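Structure record follows, encoded as structure tokens.
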Amino acid sequence: MDSFIKISGFNASDSIPKLNQPYYFIVLVDGGASLSVDFNNYDIHGKHILFLSPYQLLKWESGNLKRIRFLRFHGDFYCIEYHKAEVSCNGILFNNIYDKPFIAINNDFFDEIMGLFDKIEAFGDAILNYDLSIVRSYLQLILALCSKEKQIENTHVEIAIEKPDILNFKSMLDTDFASSKSVSFYADQYGLSVNAFSKKVKKHYGKVPSKLIRERLILEAKRLLHLTYKSIKEISAELGFEDEFYFSRYFKKEVGVSPRIFRDEVGISVVAKKSM
């Protein structure tokens with residue numbers, strides 16, 4: 001069980017590790033901190049839950065943390081895509097480049113999730129099938145509760161803020177990211193200069209469009225590596241790269257490991273196996 005799901009806790013005086021591993025992470029945070037996820041900077045204060053997908057890079061820059069607790073799990077233990085009918089968390093908690101990778105929570109919700117962490121940790125190195133089924137159920141409950149909380153948060157934000165025209169950039173990027181990798185292509189659709197367009201995108205999404213384009217390409221590359229049996233050469237061509245070697249260099253620069261290592265470590269999902 002230890003290689004597939006594990007709980008780790010740290011106090012304020014501990015040296016909190018940076019993360020860039022082939023696991024999903026759910027991180028309970030109490031306190032204030034400056035952190036970066038894939039080089040995007042955030043400041044948090046109070047109680048939060050942070051969500052990381054495999055090989056996302058998390059660094060703690062500074063802060064005054066009271067406590068932090070990590071739950072990590074491997075896709076072979078719980079496949080978020082396979083269980084999307086029960087828990088819709090892919091694109092909400094994980095693999096969402098357009099939103100911040102955490103939610104702010106109240107004391108009651110924090111304690112509820114902390115209690116579920118405790119229940120998982122109590123099983124230790126359980127190896128019996130029914131033990132693993134119980135742990136999997138606890139994990140699924142955590143994901144379901146957090147997905148609901150995230151969607152409630154997003155609903156409140158959508159009601160409070162008038163939707164700007166730049167929101168259409170998301171749909172445009174999701175359609176054209178493989179064939180159109182230049183910011184000028186998207187700026188032209190709005191009749192704006194690259195500079196003016198970049199400022200609008202940065203204001204709404206917190207990231208410049210060039211970074212969103214790169215992140216959308218990498219997100220799709222990870223999806224194809226994890227959820228299909230397509231070769232790296234096939235994936236490279238599908239994403240519009242000149243050749244698989246350029247694609248591999250591009251992927252490694254953004255992720256920290258090559259596409260081949262990513263696939264070896266994260267694995268090919270049961271979704272791909274069942275679709276054969």
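Assorted remarks:
- Checked against the criterion of being polar (S, T, N, Q), in a helix (DSSP H, G or I) and not assigned by TED's automatic domain parsing to the domain that holds Ser36, the range 211-230 contains not a single residue that satisfies it.
- Only a single criterion out of (1) over 30 Å from Pro209 (Cα atoms); (2) modelled with pLDDT of 95 or more is not satisfied by His48, namely (1).
- Of all residues in the range 51-81, those satisfying the criterion of being at pLDDT below 90 and of a type outside the set (Asp, Glu) are Trp60, Ser62, Gly63, Asn64, Leu65, Lys66, Arg67.
- Test: residue in the range 150-162 that is assigned to a helix (DSSP H, G or I) and either modelled with pLDDT of 95 or more or touching a Leu at 6+ places or on another chain (Cβ under 9 Å) (or both): yes
- Some residue of the range 178-194 being crowded, with 17+ Cβ neighbours inside 10 Å, within 26 Å of Gln21 (Cα to Cα) and over 21 Å from the mean Cα position of the chain (by Cα): no
- Filtering the range 1-38 to residues that are surrounded by 19 or more Cβ atoms within 10 Å (Cβ to Cβ) and at pLDDT below 75 leaves only Ile16.
- One residue alone among Ile92, Ile103, Ile68, Ile97 is touching a helix residue (DSSP H, G or I) at 6+ places or on another chain (Cβ under 6 Å), in contact (Cβ under 8 Å) with a residue 24 or more places away in the chain and in a strand (DSSP E or B), and that residue is Ile103.
- Some residue of the range 163-174 being at pLDDT 90 or above, in the same structural domain as Leu219 (by TED's automatic domain parsing) and not in a helix (DSSP H, G or I): no
Residues are listed down the side, and each one gets a yes or a no for (1) among the aliphatic types (A, V, I, L, M); (2) modelled with pLDDT of 95 or more:
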residue: Ala187; (1), (2): yes, yes
residue: Lys202; (1), (2): no, no
residue: Gly206; (1), (2): no, no
residue: Ser210; (1), (2): no, yes
residue: Ile213; (1), (2): yes, yes
residue: Leu219; (1), (2): yes, yes
residue: Thr228; (1), (2): no, yes
residue: Glu238; (1), (2): no, yes
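- Screening Asp99, Asp111, Asp118 for residues that are buried (at least 16 other Cβ atoms within 10 Å of the Cβ), under 19 Å from Phe51 (Cα atoms) and of a type in the set (Asp, Glu) leaves exactly one candidate, Asp99.
- Qualifying residue in the range 132-147 (condition: more than 18 Å from Tyr24 (Cβ to Cβ) and assigned to a helix (DSSP H, G or I)): yes
- Within the range 249-267, tally of residues that are polar (S, T, N, Q) and buried (at least 19 other Cβ atoms within 10 Å of the Cβ): 0
- Residues of the range 46-65 that are touching a Ser or Thr at 6+ places or on another chain (Cβ under 6 Å) and either closer than 9 Å to Leu19 by Cα or not in a strand (DSSP E or B) (or both): Lys59 alone.
The values are calculated or read from the model by the stated rules, or taken from the named source; none is laboratory data. Quick caveat, the model's predicted, so the values are computed rather than measured. Quick reminder, even Gly has a Cβ in these numbers, built from the backbone with ideal geometry, and neighbours come from all protein chains shown.
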